[in-house]
Structure formats: C-alpha cells, structure tokens
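*Asks:* Got a structure here, written out as structure tokens. Questions coming.
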Amino acid sequence: MIKKADHSKMGRSELGWLNSWFHFSFAEYYNPDNIRYGALRVINDDIIQPHTGFDTHPHKNMEIITYVVDGELTHGDSMDNKRTLTRGDIQYMSAGTGISHSELNESEERLRLLQIWILPDAADYIPQYGDYHFPWSNRLNQWAQIVSSETGSAPIRIHQDMNIYVTQLIAHKSLEYEIQPGRQAYLVLIDGRVQLNDVTLEKRDGAEISAGKLTIQAQPEAHLIFFEMKKR
C-alpha cells in the first residue's frame, strides 16, 4: 500500500533566509495525525540563502542525518568538528546525551539540504559525528546504501533498525524493491518525477509504503532517497 505525501499540502516555513517543506510535524506546523512514520521523526527540505543559516543550537537523543542536495554546508559543533560539505555529501550526528552545532551557508549560492531526524533505539548514547563523500557514480541507476543499523554494513551506522538508500535515475530507468514482512518504507523524491507503481510523484513529494513490491521508474529522470525500516 502506498500513501502519497503531496508537497503542496505539506507544512511550510517561509522566513526569507529559510524556505522549508516539512514532511512531518515540526516547528509551527503541527498535525497530530502526522507526527512521524515509524522511527522517522523529521524530514525537512530546507533552502538556505547565502550567508545565513542555523546558529549554534542543542540536540539530545536523536539520530540526525543531513543530505546536501545543492550548495555548501558549513558545520561546527561542540566536539570541535568543523567541516564543509557539498552536493551529495552526508553528515551524521548521534546527539545522545547532548551536542550543540551550527549549520551555515557561508557561500555565495543558495544551499538545499534534507534535514532528517531518526528516533534512536535507546536514550543517552555517547555523541558521535561523521561526514561522508560518496562518488556520484555509486548512486547512478542503482541503490547506494548510505545508512544501516549498527549490525549492518553501510558506511554510516545508526542506533536504529533502518536502512537508507539514494539513487539518481537517468531518463526512463527503473529500480525495484520489495518490502519484506514486518518492514515499511518512506520515499522522498528530491528532484524529477517518478512513477511509483501506480502513483505519480513530483519533486519534493513523499510516499509512505506499508507493503508490497515496488517499481520506481524515472519520468524522465529522478533523484530520490529511500528509508526502509522496522514496522511500527
């Protein structure tokens, strides 16, 4: 079963320096029927204008993935990490007992990123940080796994039973995925247009997927991220 999340009906924030689409309840957008999906608590599609960003702020007991779509993200945190990430790069923080960080666009171009929060399987882990560059060719017309659970084999391993994949499909290419019993998935179409079985998704749309075999065909091309997790 597939339930489409139409981007035109999502929660929004338009602050001038920041323009956001909220897949789930966040900040001033609150929908009691749309708090989370499984362990996914937040997916925000953020556009951040040049020389602006999120000043230092705290997090606790959350697994945080940041996926840079376009532009440059400059990160600094209370563990003395300072990094600049670019298109396709992934950042991971396990906030655990507590961490503070900033996310800034110090460039001359606008920055687009996906801010993803995942509920951990337990509280008060020791905070962790990592960032990763994956060659773009690794995700071309194939599933590139970027995240797994601690018992998995992905480069980023989080404190939750979840697998995250990305792909870039060229014109009219397709991929398949079968949801196993006891599992569910969430898909975000970052750019382009796809046919997901009999459901059409446009740029920024999401889809809750509770079961079944999936065929994802680009029309004509598509960039997407896919979350596969334990059913809750």
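The values are calculated or read from the model by the stated rules, or taken from the named source; none is laboratory data. Values in this document were obtained by computation on a predicted structure and should not be read as measured data. When we count neighbours, we look across all protein chains shown, and the Cβ atoms used for this are built from the backbone with ideal geometry, even at glycine.
*Asks:* Give just the number: which of (1) more than 23 Å from Val69 (Cβ to Cβ); (2) without any contact (Cβ under 8 Å) to a residue 12 or more places away in the chain does Glu176 not satisfy?
*Replies:* Status for Glu176: all satisfied but (2).
*Asks:* Working only within the range 202-220, note down all residues that are modelled with pLDDT of 95 or more, surrounded by fewer than 17 Cβ atoms within 10 Å (Cβ to Cβ) and over 19 Å from the mean Cα position of the chain (by Cα).
*Replies:* Passing the criteria: Lys213, Thr215.
*Asks:* Additional query: Any residue at all in the range 23-40 that's touching a Pro at 6+ places or on another chain (Cβ under 7 Å) and under 27 Å from Arg232 (Cβ atoms)?
*Replies:* No; the residues of the range 23-40 include none that is touching a Pro at 6+ places or on another chain (Cβ under 7 Å) and under 27 Å from Arg232 (Cβ atoms).
*Asks:* Further question on the same structure: Report, by residue number, each residue of the range 5-63 that is more than 15 Å from the chain's Cα centre (by Cα), more than 17 Å from Ser102 (Cβ to Cβ) and β-branched (Val, Ile, Thr).
*Replies:* Ile35
*Asks:* Further question on the same structure: Between Arg232, Arg204, which is in a loop (DSSP other than H, G, I, E, B) and farther than 15 Å from Lys3 by Cα?
*Replies:* One residue alone meets the criteria, Arg232.
*Asks:* Considering the range 63-82 alone, what residues qualify as being surrounded by fewer than 18 Cβ atoms within 10 Å (Cβ to Cβ) and either under 17 Å from Ala95 (Cα atoms) or among the polar types (S, T, N, Q) (or both)?
*Replies:* Thr74, Gly76, Ser78, Met79, Asp80, Asn81, Lys82
*Asks:* Looking only at the range 136-163, which residues are more than 23 Å from Ser174 (Cα to Cα) and among the charged types (D, E, K, R)?
*Replies:* Answer for the range 136-163, where residues must be more than 23 Å from Ser174 (Cα to Cα) and among the charged types (D, E, K, R): Glu150, Arg157, Asp161.
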